[in-house]
1. Tell me, which residue of the stretch 3-59 that is in a strand (DSSP E or B) and open to solvent by less than 20 Å² (accessible area, probe 1.4 Å) is farthest from L81 (Cα to Cα)?
2. Kindly check whether there is at least one residue in the stretch 60-72 that is open to solvent by 20 Å² or more (accessible area, probe 1.4 Å) and over 14 Å from Y89 (Cα atoms).
3. Here's a check for you: in the stretch 80-96, which residue that is free of Cβ contacts under 8 Å to residues at least 60 places away in the same chain and over 22 Å from F177 (Cα atoms) is most open to solvent (accessible area, probe 1.4 Å)?
4. Collect the residues in the stretch 229-250 that are buried (at least 23 other Cβ atoms within 10 Å of the Cβ) and farther than 18 Å from K191 by Cβ, keeping them in residue-number order.
5. Whether any residue in the stretch 215-228 is in contact (Cβ under 8 Å) with a residue 40 or more places away in the chain, more than 24 Å from G67 (Cβ to Cβ) and open to solvent by 40 Å² or more (accessible area, probe 1.4 Å) is what I want to check.
6. Taking the stretch 260-285, which residues are farther than 20 Å from K248 by Cα and assigned to a strand (DSSP E or B)?
7. Within the stretch 71-107, track down each residue that is charged (D, E, K, R) and part of a helix (DSSP H, G or I).
8. I need a count of the residues in the stretch 251-282 that are closer than 21 Å to K191 by Cα and open to solvent by 90 Å² or more (accessible area, probe 1.4 Å).
Amino acid sequence: MIYFIVNPKAASGRALKKWGTLERLIRKRDVVYQVYMTEGQGHAAKIAAALTAGEERSVEKTLAVLGGDGTLNEVLQGLHLQAKVKLAYIPAGSANDFSKGHGLPANPKKALSYILDQESPCRVLDYGMITCASAGQAPFYRRFLVSSGLGFDAAVCRSLNCSQVKKICNRLHIGSFAYILVGLWQILLHKRCGGELVLDGGRRIPLRRISFISAHILPREGGGFRFAPNADPQDGMLSLCVVSGVTKLELIPILVFALFGIRRLPNGAENYRCREAEIFLQEALPAHTDGEVFDRMKEVHFRCENKKLRLIVDRGTLPAKREKNRRFHKNQ
């Protein structure tokens, strides 16, 4: 059984049209499926929770998500990970960093074809976890599949969610360009502060004028900014990008280098690899997971959960050394 979770509002409503085309193709195939349309923020998580809770945990099923990175993130929040679930993804958002990071097809019809193919293998993935604490509130956690961050990158996501720029760019089929436009504006507005980074409970790194700190499962975020070029979604490690001690003007070349995929970022940007990291800030900064923004935070804990998820992929995206073991991955 395949359960499709569709966000009809993704990409400013274009996702609904894509689903109409795909459903006509599904009906021509001998496929047992159900579709759930999300009705607002948080609904995808509730659907995923209902499909993988209680007795449903023992039933092998595929959850196919059609939407953006934010929709996929919501599904991840609701998943009961003990369930026998395979995830599948049909990208229909603005940035689609998750699909690009895994080499998944951008074409919805091609993505659907390998999801319906019972011979398609699975890739076993890590995911990240952020636990946050703020004054007067109980700590809470969120999972992420692409990245999570504090500061400038979260401020960009927050502005995008509140402006018309993203909708206009989506209509013009240049959704990633919205991140660049809003990012240039946020260079002037974003606030910085000092703090401390602790890696794997040991190494302590004092920081000043923090622009942002992002923890990555995949190399890119924000529509293609390669802040963590060595991030690997299967190695059990987080890749951190820490930008601090730079002026607002000096932030520009860092963003340009990341946008064009230059592996060595300029001075002021450092990459660290760890299983977990703690961040203590002098002032609260906005935070996000996979582009979904929540409250400003002063204390944050990141960690990597090693190989907890199964993602259905196109056989052609598997590295040659893994192709030999395709049957093993398929049956995990």
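The values are calculated or read from the model by the stated rules, or taken from the named source; none is laboratory data. Not measured: the values here are computed from a predicted model. All Cβ positions, glycine included, derive from the backbone under ideal geometry; neighbour counts span all protein chains shown. Keep in mind that these areas ignore ligands, DNA and RNA; they rest on the heavy atoms of the full protein, side chains included. Shrake-Rupley method; radii C 1.70, N 1.55, O 1.52, S 1.80 Å.
1. Applying the filter and picking the extreme gives V6.
2. Yes, the stretch 60-72 contains a residue that is open to solvent by 20 Å² or more (accessible area, probe 1.4 Å) and over 14 Å from Y89 (Cα atoms).
3. Of everything passing the filter in the stretch 80-96, Q82 is most open to solvent (accessible area, probe 1.4 Å).
4. A231, P233, L238, S239, L240, C241
5. First, pick out the residues of the stretch 215-228 that are in contact (Cβ under 8 Å) with a residue 40 or more places away in the chain: 215-225, 227-228.
Now restrict to residues that are more than 24 Å from G67 (Cβ to Cβ): none.
No, the stretch 215-228 contains no residue that is in contact (Cβ under 8 Å) with a residue 40 or more places away in the chain, more than 24 Å from G67 (Cβ to Cβ) and open to solvent by 40 Å² or more (accessible area, probe 1.4 Å).
6. Y272, R273, C274, E276, A277, E278, I279, F280
7. Of all residues in the stretch 71-107, those charged (D, E, K, R) come to 74, 84, 86, 97, 100.
Answer for the stretch 71-107, where residues must be charged (D, E, K, R) and part of a helix (DSSP H, G or I): E74, D97, K100.
8. 2
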